[in-house]
Amino acid sequence: MTEPVKELNFEVVYETEGRSVGKLRNEISISWVGANEGPWEMATDEGTFHGGEDTAPPPIAYWAAGFTGCIMTQIRAFSKRMRIPINDVTVKARFAWEGHQIERNPYVTSPKGFGFDIDIDSEAPTEDIVRLVEAAKKGCFIDQTMAVANTVDHRLKIDGEWIDV
């Protein structure tokens with residue numbers, strides 16, 4: 001007799017609140033809504049090139065670390081679920097953007113490309129390792145976010161009222 005397939009549907013929601021401190025430093029509280037985990041406190045700053053004081057990593061550094069950590073975590077977690085034994089995982093990643101600025105106007109950026117070199121120490125067959133990485137890509141929230149077009153809403157509070165920007 002076959003066991004019924006168990007399906008799990010879930011939602012993951014994070015909320016943040018950032019406060020300006022110093023020249024360009026921000027202190028940010030992050031909470032995982034409904035999971036009773038957090039809040040975690042993180043700080044960001046920019047280097048002197050951008051007018052900051054280099055007291056913390058810039059925001060994009062956290063994004064790059066999060067993306068790298070996300071794929072690594074999913075590889076390790078899914079290896080257990082998929083019963084694919086691994087000994088170690090090393091990931092090197094490259095994230096590139098280009099910027100464009102005319103005179104004193106704010107610069108505009110666009111992504112050039114992102115890539116991962118994944119080295120998995122395992123005796124498992126190549127097909128299993130490939131299956132594992134494919135599953136990890138599908139399970140990594142950031143990988144999936146980057147794989148599709150997204151809408152990002154911004155609102156601005158003016159005189160106590162929220163307006164869409």
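Summary of computed values
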quantity	calculated
Principal axis dimensions, largest first and in whole angstrom, of the chain by Cα	65, 34, 29
Relative contact order (%) - criterion: Cα under 8 Å, at least six apart; region: the stretch 58-150	34
Folded to 0 to 90 degrees: helix 126-139 orientation relative to the chain principal axis, Cα	40
Candidate lysines for bridging to Lys157, where Cα separation is under 26 Å - those fewer than 8 sequence places away on the same chain excluded	Lys23
Cβ charges +1 (Lys, Arg) and -1 (Asp, Glu), total dipole of the stretch 25-79, debye	320
Lys, Arg +1 and Asp, Glu -1 on Cβ, resulting dipole of the stretch 58-150 about Cα centre, debye, nearest 20	300
Difference of contour (0.36 nm per residue) and Cα-Cα distance, Thr48 to Glu103	17.8 nm
Sequence-separation-based contact order of the chain, relative, with Cα cut under 8 Å and 6+ spacing, percent	13
For q = 0.14, 0.18, 0.20 Å⁻¹, Debye-computed log10 I/I(0) when each Cα of the stretch 58-150 counts as one equal scatterer	-0.58, -0.84, -0.98
With Cα atoms, 0 to 90° folded angle of helix 59-81 axis to the chain main axis	10
For Gly52, distant residues with modelled amide H under 5 Å away	Glu46, Gly47
Amide H within-cut-off set for Tyr14, under 5 Å, with H built and near neighbours excluded	Val33
log₁₀ of I(q)/I(0) at q = 0.12, 0.20, 0.28, 0.29 Å⁻¹ - the stretch 1-57, Debye sum with one point per alpha carbon	-0.46, -0.77, -1.03, -1.06
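Readers should treat all values here as calculations from the given coordinates under stated rules, not as data from a laboratory. Here the structure is a predicted model, which means the values were calculated and not measured. Every residue, glycine as well, gets a Cβ built from its backbone with ideal geometry; the counts of neighbours run over all protein chains shown.
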